[in-house]
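Here's the structure, in structure tokens; my notes come after.
FYI, it's all coordinate maths here, none of it is from the lab. The model shown is predicted, which means the values in this text are computed figures rather than measured ones. Every residue, glycine as well, gets a Cβ built from its backbone with ideal geometry; the counts of neighbours run over all protein chains shown.
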Amino acid sequence: MQTLDRLDFETEASKEIYQFVERHGTAARHRVREMASLSAEQFRDELDRLTASGYVAEEGGTLRIAVDAGSVERHSTGDLGYAVRPAHNDDFESLVDAIRDVTETADYVVAESVAEQLLYEDTVTRHNTVESRVFFVAEHDDEVVGWTHLDLPQIEKMSNGAQLTVGVREAYRERGIGTTLLDRATAWTNANGYRKVYNSVPAVNDEAMAFLEAHDWHTEGIRRNHYTLDGDLVDEVMMAREV
């Protein structure tokens, strides 16, 4: 899928196969065939339909959903070279570790919830009739050093806006990596027809708010006493940017 198109399956069997792969992130071909309870010929036909439609891709006997979020981009800052690219399931552990590295040193509750959701669902990318999720990562020496993520509602009345989080490991900050990640995510949302991105941070996270404000984000609203941090009630600042 070149973009996160609405799903349209030719058969119920194709839908069942896709949903199984989507829920698991990746799945062994033979496990999917066993789940579908189809003959070898029927399974090949259904898999051919899904691959021809661009819904599923196969690599060495492993199936994955085929969401195409773009290519690898190479960047450098000073003596540091890094790549920004769409995340995949092989990044799972390093991605969760990067998010936790950021949230352990800063109050970023939404990002904490994203990490917990990843651990619960055990998959990076999602795309179904209710929601979609895309991650981009910054990678240096095969380590995820930063991320940006988009939660994309698929319900038509909510499909104009996307929730975004972004973060960079402490050792890699002040090098422009966060800006590069933010630009990659907002460019992608703009190219795919989204009107606005939004993010929410506790009112005590001055660094996050200053970073977003420097990139033309503004405060849309405040929810009083929304968070409890170290026993204290803290406001939530809801920020957004038109794309």
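Please sort by residue number the trypsin sites (Lys or Arg not before Pro) in segment 173-243 whose DSSP state is loop and whose Cβ has at most 16 other Cβ atoms within 10 Å.
Arg173, Arg195
Over the Cα atoms of segment 12-65, what is the Rg over Rh ratio if Rh follows Kirkwood?
Reported Rg/Rh (Cα atoms, Kirkwood Rh): 0.90.
Relative protection proxy for 94-104, 225-235, 43-53, from highest mean packing down: 94-104, 43-53, 225-235 (other beta-carbon atoms within 10 angstrom). Under a model in which nothing but the beta-carbon of Lys, Arg (+1) and Asp, Glu (-1) is charged, the chain shows a dipole of about 680 debye around its Cα centre. Which whole-number percent is the relative contact order of segment 12-65 (Cα, under 8 Å, 6+ apart)? Relative contact order comes out at 48 percent. The peptide list 32-41, 74-83, put in order of mean Cβ contacts within 10 Å with the highest first, becomes 32-41, 74-83. Summarising the label geometry, the points placed 7 Å from Cα in the beta-carbon direction at Arg195 and Gln19 lie 3.1 nm from one another. Think of the chain as a dipole: +1 on every Lys or Arg Cβ, -1 on every Asp or Glu Cβ, centred on the Cα centre; then among Leu182, Thr129, Ala208, Thr129 lies furthest on the positive end. Which residues does a label at Met35 reach in segment 107-145, if reach means a backbone N under 18 Å from a point 7 Å past the Cα toward the Cβ? 118-133, by backbone N distance to the label point.
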